[in-house]
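A.B. asks: Questions regarding the structure given below will be posed in turn.
The values are calculated or read from the model by the stated rules, or taken from the named source; none is laboratory data. If you're wondering where the values come from, they're calculated on a predicted model, not measured in any experiment. Glycine also receives a Cβ, built like all others from the backbone with ideal geometry; neighbour counts cover every protein chain displayed. Areas reflect the complete protein model, heavy atoms only, side chains present, ligands, DNA and RNA absent. Shrake-Rupley method; radii C 1.70, N 1.55, O 1.52, S 1.80 Å.
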Amino acid sequence: MKKLLFIAVFAVLGLSAGAQQVSTRAKALRLKDYARPEYMVADVKILADTLTVYSLSDYVIYPFGKWNTLEEYITNTELQWYREVGYKKFMGNMEVSVNTLKRIDDSYIDIYRSITTGKVEMLSAKITDPEVVFKNGLHVGMTMQEVYLTYFTKFLKSYVVNVNVLKIVSGGGEVSQIYTFKGNKLRHLQVRSDYKFY
């Protein structure tokens, strides 16, 4: 009798866990329906406290815009940057010349000029300064609703109530933008890249 009761409880827990997975996937599909067309969203996934959006738009690769030189970007931002020049490891054993732009609060952007694209490409960035703004207007200090309405036409608060991290990932997975929220506010932005070519 105890074995039968144990099996029944286990079956009920297993079914409720499966129902939760379906519910999470249904939320993700619904969010995908509300994605703004300019971001060419291919998929949306929710896992624990992270919402991941897979975008085919080149905006993900160039969140600060497309620039031919670093000086163009610096002039355009009209911000005071501290600049360091050096070499960093890239793809394991190759070293590339990297410019690091820093702000007084330790926000930084690691940039190099690609010989393939002729554009300024980003290796990584961590932004906590609200004056540093992405091309689409996103910056630290915005509300969760403002951030989501940049990527979606509707803010479905009940769908993202437990989400603390929003990841926007490029189609090939080579670049990720990571938005971290604390409460209702965007606390920091991070960009990670794994380019295959220099």
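A.B. asks: For a test of the definition: using alpha carbon positions, the gyration tensor, and the 1.5 limit on a/c, classify segment 40-198 as rounded, prolate or oblate.
C.D. replies: Verdict is prolate for segment 40-198.
A.B. asks: Can you tell me the Rg and the Dmax, both Å, for the Cα atoms in segment 66-159?
C.D. replies: Both quantities, over Cα of segment 66-159: 15.9, 46 Å.
A.B. asks: Another question about this same structure. Compare the peptides 156-166, 175-185, 75-85 by average per-residue count of other Cβ atoms within 10 angstrom and give them in order, highest first.
C.D. replies: 175-185, 156-166, 75-85
A.B. asks: Once amide H atoms are built 1.01 Å from N in the peptide plane, which residues 5 or more positions from VAL41, or in another chain, come under 5 Å H to H?
C.D. replies: LEU56
A.B. asks: ³J(HN,Hα) across segment 151-160 via Karplus (A = 6.51, B = -1.76, C = 1.60, θ = phi - 60°), whole Hz, x for Gly/Pro?
C.D. replies: 9, 10, 7, 10, 9, 9, 4, 5, 7, 10
A.B. asks: Starting with the highest mean, order 124-135, 23-34 by the number of other Cβ atoms within 10 Å, averaged over the residues of each peptide.
C.D. replies: Order by mean packing, descending: 124-135, 23-34.
A.B. asks: Name the long-range amide H neighbours of PHE152: under 5 Å, sequence gap of 5 or more, or other chain; modelled H, no Pro or chain starts.
C.D. replies: For PHE152, whose amide H was placed from the backbone, the distant partners under 5 Å are ARG36.
A.B. asks: A follow-up question, please. Given charges of +1 on the Cβ of Lys and Arg and -1 on the Cβ of Asp and Glu, with all other atoms neutral, how large is the dipole of segment 68-183 about its Cα centre, in debye to the nearest 20?
C.D. replies: In debye, rounded to 20, segment 68-183 gives about 400.
A.B. asks: What FRET efficiency comes out for the pair LEU47/LYS135, r = Cβ-Cβ distance, R0 = 30 Å, nearest 0.05?
C.D. replies: It comes out at approximately 0.65.
A.B. asks: Take every Cα-Cα pair in segment 145-184 and report what % of them are more than 14 Å apart.
C.D. replies: Of the Cα pairs, 52 percent sit more than 14 Å apart.
A.B. asks: For segment 27-182, with every protein chain kept in place, what is the accessible area per residue (1.4 Å probe, Å²)?
C.D. replies: About 51 Å² of surface per residue is accessible.
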